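The values are calculated or read from the model by the stated rules, or taken from the named source; none is laboratory data. The structure displayed is predicted, hence computed values, not measured ones. When we count neighbours, we look across all protein chains shown, and the Cβ atoms used for this are built from the backbone with ideal geometry, even at glycine. Only protein heavy atoms, including side chains, enter the accessible area calculation; ligands, DNA and RNA are left aside. Shrake-Rupley method; radii C 1.70, N 1.55, O 1.52, S 1.80 Å.
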Amino acid sequence: MDAKNFFDWCKRHKILLTVAAFLFIVVFGFVNIQILHMTSEPEFCAMCHPSRGFGPLAEVDSWEHSAHGEAGVSCLDCHGRPGVAGYVKAKIGGLKDTYMQFTISKEEKLEILSNPPKDLVPTWHCLFCHSDEGNKKVRETTKGPMKLVNMRMLDDVVNPAFRLNKGLPDILTETTVGGTHFDHKMHIDNFELNCRDCHFGVVHKPSSKTDKMNFCLTCHAENKGSAAPQMNDCHVCHAVQVAMNEGTGAKDVAGSAGIMYAAGIKCTDCHTGVTKGVFRPSGKTCSDCHSGDSGYVEIFQDWEKEVKEKLDILARQRVEVESALKAADAMKRDSKANWELYQKALQNMKFVESDGTFGVHNNDYANAIIKSVTADFTKITKNLEQKW
Ligand code: HEC
Ligand code: HEC
Ligand code: HEC
Ligand code: HEC
Ligand code: HEC
Ligand code: HEC
Ligand code: HEC
Ligand code: HEC
């Protein structure tokens, strides 16, 4: 077939050709997008960040065991800025990673990974998910489209809905967060702190709770002569633990004070090591006060074990309920009332979690709350199973 005949053939088969060209573009584009998808997955990152545990090279493993990993917040949700432009930029950064992998030594790589720049994930980026104001600002100023196809969680984050459905506080307006009375905005504005100063290693090497309290104590220790609460003012910072001891704080669940708290035992009667820097008591604290009776160590362990097991079951149930709700949304069903019930249940569940003692502060109340959350989850599942 010479050129002329070919063009003639093309003219005669216009439609066929258009369809073929169209298919070519679709298939090629699809392959491209698949490659983009694939190279955004944690499994791909693990090829060059393969270690186990915490610290440099173990970024994938540490992520897998973090709260973010469990909630499905993926690498590029933090290591790529919002919007299509931010996504593409992250991909280009990935090419640099690949180039560096083959050109620098293992020691040089470790050196880079051990000293991440302060703004590797900038504060405004965290605020995009963790506040309403920060979310709005970024959505309004992001140039270009937010997304083309479903690539990652980040581009779908619209607050307050995202936050509420994940049971997260607005950290710029709420002053009780994760169980602690702490005003993020005031501290960040007045002392120019950024997220990493306190959540250092969030995801990859989370700081311990003792580290965190010690950081507060750099300003909140005794005799600094300021208006700020001091070390012995446990009740000011530990809002949730106070509420749990008192038997209040969960929505729509009646309760009464914990056994010991009701008998007049104060925070520092159990938390006896605080002035020595040991904040957390153990089972021995129980037997010490209960005339050396080691049976109380067992009671302590039983309380803890039972509540922990129940919370684990709830955590799995929660994932199922959340995806059932999302499926209902996708089918355009009216799920508003069920989402509201879910948000309430989630708040109650997080209340027990953030007390952090698995029912030791107030065993009856913790168990009553768990029972109520289980009932709420079951009710939502039933509602969604009903024909409409
Ligand atoms: C082909 C190997 C390779 C793959 C795959 C890879 N990385 Fe890297 N990564 C590196 C190397 C080498 C460095 C250190 C040099 C540099 O900064 O580019 C690095 C550094 C980084 C840094 C730190 C940058 C800095 O400035 O401190 C981040 C964040 C990162 N990678 C995230 C990721 C994510 C997320 C993925 C998966 C989407 C990924 N990497 C996949 C090789 C890789
Ligand atoms: C894509 C949205 C998103 C981004 C970006 C994000 N987070 Fe989160 N974050 C979440 C979700 C969802 C959870 C809830 C996990 C759960 O269900 O408990 C969470 C939980 C947390 C928690 C509580 C759990 C823990 O690990 O202690 C802290 C603290 C936190 N985020 C801080 C940060 C910081 C700091 C940044 C920036 C480096 C950040 N987040 C970026 C969505 C995000
Ligand atoms: C001065 C220390 C400090 C700074 C700075 C700080 N935080 Fe926090 N943050 C805390 C404390 C304390 C808590 C409550 C205890 C906890 O959950 O760890 C908390 C709780 C949170 C929670 C809620 C966790 C939950 O379980 O619900 C999120 C989300 C969070 N911080 C995000 C951020 C982000 C994003 C930044 C940066 C804009 C930031 N924080 C800066 C100390 C700090
Ligand atoms: C919630 C946000 C968030 C998520 C999700 C996240 N990271 Fe990070 N990552 C950070 C922050 C913040 C730093 C800065 C150092 C620090 O504070 O630990 C960091 C640092 C890093 C570094 C620099 C070296 C180091 O160890 O500090 C690498 C590499 C990295 N992350 C890779 C990953 C990979 C791969 C994933 C997915 C498996 C991932 N990150 C998921 C927030 C995140
Ligand atoms: C850089 C010093 C500094 C650090 C670090 C710091 N604070 Fe403060 N904080 C202050 C000062 C100063 C005040 C008093 C402000 C006022 O009342 O004008 C204060 C006030 C408070 C208050 C009482 C005001 C209110 O919100 O009702 C609480 C509660 C508090 N801080 C909790 C914390 C916690 C929890 C941490 C650790 C995560 C922490 N602070 C870390 C300096 C600090
Ligand atoms: C200025 C605020 C502040 C004051 C006052 C304070 N704490 Fe804390 N404490 C914190 C923060 C913040 C954490 C970390 C919480 C978290 O990450 O969930 C913490 C953590 C703890 C932990 C957990 C330690 C661990 O490693 O598991 C215990 C126990 C504790 N505090 C007891 C007390 C007691 C008892 C008092 C009173 C004597 C007290 N705290 C006073 C802010 C404070
Ligand atoms: C009957 C003894 C007892 C009393 C009273 C008590 N606690 Fe505790 N508290 C404990 C024990 C035991 C733990 C550690 C539980 C564990 O490891 O599971 C703990 C843990 C904590 C923690 C760490 C929670 C976490 O996030 O890991 C905080 C904070 C705390 N208590 C604050 C308080 C405050 C504030 C009060 C007073 C309102 C108080 N406690 C009263 C025994 C007590
Ligand atoms: C500072 C002293 C003190 C500490 C520490 C303490 N208790 Fe108690 N406990 C009491 C008092 C006082 C009562 C109330 C006795 C009464 O009213 O009969 C009590 C009552 C109880 C009861 C119900 C009545 C009984 O004697 O069986 C249990 C169960 C119990 N405590 C378990 C524990 C456990 C578990 C711990 C450790 C987490 C603990 N206690 C720590 C002082 C303490």
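Per-residue Karplus couplings for region 251-267, computed as 6.51 cos²θ - 1.76 cosθ + 1.60 with θ equal to phi - 60°, are listed in order as 7, 6, 10, 7, x, 9, 4, x, 3, 6, 4, 5, 7, x, 6, 9, 3 Hz, Gly and Pro entered as x. Distance distribution note for region 141-191: the fraction of Cα pairs above 18 angstrom is 51%. Inter-label distance, A67 to D293: 3.7 nm, where each label sits 7 Å from its Cα along the C-beta direction. Each of D97 and N190 was given a label point 7 Å from its Cα along the Cα-to-Cβ line. The distance between the two points is 4.0 nm. Counting only protein heavy atoms and a 1.4 Å probe, the chain has 63 square angstrom of accessible area per residue.
Rounded to the nearest 20, the Cβ-based charge dipole of region 238-385 about its Cα centre (Lys and Arg +1, Asp and Glu -1) stands at 480 debye. Computed from point charges on the beta carbon alone (+1 for Lys and Arg, -1 for Asp and Glu), the dipole magnitude for region 210-257 about its Cα centre is near 100 Debye. Over region 238-385, the Kirkwood radius and the radius of gyration, each from Cα atoms, give a ratio Rg/Rh of 1.08.
Counting every pair of alpha carbons in region 125-167, the share spaced more than 18 Å apart comes to 24 percent. Per-residue ellipticity at 222 nm computed for the chain from its helices equals -18500 deg cm²/dmol, with DSSP H segments shorter than 4 residues left out and the rest contributing -39,500 (n - 2.57). Each Lys or Arg adds one and each Asp or Glu takes one away; over the other residues whose Cβ falls under 9 Å from the Cβ of C48, this sums to 0. Against the main long axis of the alpha-carbon atoms of the chain, helix 14-38 sits at an angle near 30°. Which of H68, H13, H181 moves most in a GNM of the chain, Cα contacts under 10 Å? Its mean-square fluctuation being the largest, the pick is H13.
Kirkwood hydrodynamic radius computed over the chain comes to 24.8 Å, based on all pairs of distinct alpha carbons.
Close amide H contacts of K147 (hydrogens built in the peptide plane, cut-off under 5 Å, sequence separation of 5 or more or a different chain): V84. Counting only protein heavy atoms, what percent of the accessible surface of the chain is carbon or sulfur at a 1.4 Å probe? So the carbon and sulfur contribution to the accessible surface is 62 percent. For region 169-256, GluC sites (Glu not before Pro) are listed when DSSP marks them as loop and at most 13 other Cβ atoms sit within 10 Å of their Cβ; the list is E192, E222. List the relative contact order of region 148-209 as a percent without decimals, with contacts defined as Cα pairs under 8 Å and 6+ residues apart. In percent, rounded to a whole number, it is 14. Between R139, R81, R333, the residue with the greatest mean-square fluctuation in the GNM of the chain (Cα pairs under 10 Å linked by springs) is R333. In this simple spin-label model, placing a label point 7 Å from the Cα along the Cα-to-Cβ direction at both R12 and K89 gives a separation of 5.4 nm. Return, ordered by residue number, the residues of region 44-74 whose backbone nitrogen is under 14 Å from a label point located 7 Å along Cα→Cβ of I112. Within reach of a label on I112, which here means backbone N under 14 Å from a point 7 Å along Cα→Cβ, region 44-74 contributes 48-49, 57. Dipole check for the chain: with +1 at the C-beta of Lys and Arg, -1 at the C-beta of Asp and Glu, and the Cα centre as origin, the magnitude is about 1580 Debye. Using the Cβ-Cβ distance between V158 and S226 with R0 set to 45 Å, the FRET efficiency works out to roughly 0.70. In this structure, the pairs whose alpha-carbon distance is over 20 Å, taken from K147/K350; K143/K336; K89/K166; K332/K382; K96/K143; K109/K205, are K147/K350; K143/K336; K89/K166; K96/K143.
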